[in-house]
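First comes the structure, then the notes that go with it.
The values are calculated or read from the model by the stated rules, or taken from the named source; none is laboratory data. None of these values were measured; they are calculated from a predicted model. Because the Cβ atoms are built from the backbone with ideal geometry, glycine has one as well, and the counts that use them run over all protein chains shown.
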Amino acid sequence: MSVEDAKNFHFPQLFKHINAVVSSTQDSDVYAEDEVEHPASIPIYWVAKWVNHSEKYGMGYQLCDNLIGVLFNDWTHPILAQNGE
């Protein structure tokens, strides 16, 4: 697998997982007045660390909130949260 193939193989999946994490942390559009927060205080997530072993295994990543995930070459993707789940 070439580097370009690895990019085309893993980055769309990584993007999908990051979007899922971000969207799962945002509440619905209906807020109680006393719970409204300034938009700048909404958490922003990014990939803090990553390793690319896509020629043999896949790609691993760690988000800024210490969530760890792996995208294996067979499209399986275990995710480990900071609490060990």
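Name the pairs whose Cβ atoms lie under 6 Å apart, with the first residue in segment 70-85 and within 16 Å of Phe15 (Cα to Cα), the second charged (D, E, K, R), and 6 or more positions between them or separate chains? From segment 70-85, no pairs qualify.
The set of residues in segment 53-67 that are surrounded by 15 or more Cβ atoms within 10 Å (Cβ to Cβ) and either of a type in the set (Val, Ile, Thr) or touching a helix residue (DSSP H, G or I) at 6+ places or on another chain (Cβ under 9 Å) (or both) comprises Ser54, Gly58, Met59, Tyr61, Leu63, Leu67.
Does at least one position in segment 24-33 carry a residue that is closer than 13 Å to Asp65 by Cβ, surrounded by 11 or more Cβ atoms within 10 Å (Cβ to Cβ) and modelled with pLDDT of 70 or more? The answer is no, given that none of the residues of segment 24-33 is closer than 13 Å to Asp65 by Cβ, surrounded by 11 or more Cβ atoms within 10 Å (Cβ to Cβ) and modelled with pLDDT of 70 or more. Listed by first and then second residue, the pairs linking a residue in segment 29-58 that is charged (D, E, K, R) to a residue that is modelled with pLDDT under 85, with Cβ atoms under 6 Å apart and 6 or more places separating them unless they lie on different chains, are Glu55/Met1.
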